[in-house]
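One structure is given below, encoded as structure tokens.
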Amino acid sequence: MEIQWYPGHMTKARRQMQEDLKLIDLIIELLDARIPASSRNPDIRSLGNGKSRLIIMNKADLADERATAEWESCFKDEGVPVMTVDSRRRADLRSLRPFIDEACKERIERNIRRGFKNRPIRAMVVGIPNVGKSTFINTVAGRASAKTGNRPGVTKGKQWIHLGKGLDLLDTPGILWPKFEDPSVGTALALIGSISKDVLNRDELALELIGFLLREYPGTLAEHYQSEEDRPAEKILASIAEARGCIAKGGAPDESKAADLLLDEFRNGRLGRISLERPGASMIETGRG
Ligand code: G4P
């Protein structure tokens, strides 16, 4: 599926983030646990050169636990500490501090050696739109004050959230855009709902999802929509329309409505915990001929 989509504020936001990165010691990189590869921006490594990094696999409540465990060990092998969380839950973020200490071990030791025992670690949250940056900041801060807006330039002076115990968090998250060269990345982002509805062919996207579920999570469509799975994806979409009463004028199944319903239920986790990517392989087949 080809998605022509180029965010307008990209250059400005990137410049803003480069400026902000100068102020911090630690980059907290939020990924969507369902698509850790597609929600990761490879530029962050060069942009944040020399900074400590911590990966947060967010929305872990929606992802397949087995895939998440595989990703965790993959990131650990890279030497980056990683946490898996549902950022809406305070309990999930209670153990953030030890992870930060691990990520910033060298910096903390250096500070102590130099006699700056109380110098706080300054951190910044970065990630693609909708990955949960504001939610994360609000939960960590324990108050609903972090929503300064995703638009660059909204916050004039830098605002820091003092979290105590030697940790300061920049109030404004950095927005990253993923790579779009690989069509499967666009499809992955569209499937989790990170791309504006207006630029998508939702029927086509739903058919991609059906194909994926048949391959990777067989039985899911049968369980949720009583669909017979040994049929072409188009027929399955029609059966979902019938099962859920999506009927167009004249009594024919309304496939577009069924496509919306299927995508919504997948995104909300109603089809179960599903990951679209495993380390080393995108499970989406777009663009592979
Ligand atoms: P952003 O700043 O990176 O753009 O993302 P934001 O925090 O606005 O979060 C985007 C959506 O993702 C929000 O839902 C938020 O509640 C949801 N979300 C964030 N973290 C998690 C998580 O760990 N698990 C799950 N399941 N959802 C998460 P929304 O429907 O757009 O808004 P709302 O109705 O919750 O306010």
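The values are calculated or read from the model by the stated rules, or taken from the named source; none is laboratory data. As the structure is a prediction and not an experimental result, all values here were calculated from the model. Note that each Cβ is placed from the backbone with ideal geometry, even for glycine, and that neighbours are counted across all protein chains shown. Just the protein is used for accessible areas: all its heavy atoms, side chains included, with ligands, DNA and RNA removed. Shrake-Rupley method; radii C 1.70, N 1.55, O 1.52, S 1.80 Å.
So Ala37 clears everything in (1) away from the ligand (no atom under 15 Å from the Cβ); (2) farther than 22 Å from Glu181 by Cβ; (3) not in a helix (DSSP H, G or I) except one condition, right? Which one?
Result: Ala37 fails condition (2) only.
Against the conditions (1) open to solvent by 30 Å² or more (accessible area, probe 1.4 Å); (2) farther than 26 Å from Ser194 by Cα, where does Glu65 fall short? Just the number, please.
That leaves (2) as the condition not met.
Go through segment 55-64 and give me each residue that's more than 8 Å from the ligand (Cβ to nearest atom) and touching a strand residue (DSSP E or B) at 6+ places or on another chain (Cβ under 7 Å).
Matches in segment 55-64: Ile55, Ile56, Met57.
Considering only helices (runs of 4 or more DSSP H) fully contained in segment 125-235, which possess at least 2 residues that are modelled with pLDDT of 85 or more and within 16 Å of the ligand (Cβ to nearest atom)?
Once the helices (runs of 4 or more DSSP H) in segment 125-235 are filtered for at least 2 residues that are modelled with pLDDT of 85 or more and within 16 Å of the ligand (Cβ to nearest atom), what remains is 133-141, 183-192.
Say we look at segment 102-124 and pick out the residues that are part of a loop (DSSP other than H, G, I, E, B) and open to solvent by 30 Å² or more (accessible area, probe 1.4 Å); which of these is farthest from the ligand (Cβ to nearest atom)?
Out of the qualifying residues, it is Gly115.
Can you tell me which residue is nearest to the ligand (Cβ to nearest atom) among those in segment 42-54 that are open to solvent by less than 10 Å² (accessible area, probe 1.4 Å) and farther than 22 Å from Ala91 by Cβ?
So the residue we want is Ile44.
Is it the case that segment 46-61 has a residue that's of a type in the set (Asp, Glu) and within 23 Å of Thr139 (Cα to Cα)?
Yes, segment 46-61 contains at least one residue that is of a type in the set (Asp, Glu) and within 23 Å of Thr139 (Cα to Cα).
Working only within segment 65-91, note down all residues that are of a type in the set (D, E, K, R), part of a helix (DSSP H, G or I), away from the ligand (no atom under 16 Å from the Cβ) and within 27 Å of Asn49 (Cβ to Cβ).
Selection gives Lys76, Asp77.
Give me the pairs, please: first residue somewhere in segment 247-270 and farther than 14 Å from Tyr225 by Cα, second residue anywhere and within 14 Å of the ligand (Cβ to nearest atom), beta-carbon distance under 6 Å, and either six or more positions apart or on two chains.
What qualifies is Arg267/Gly193; Gly269/Leu62.
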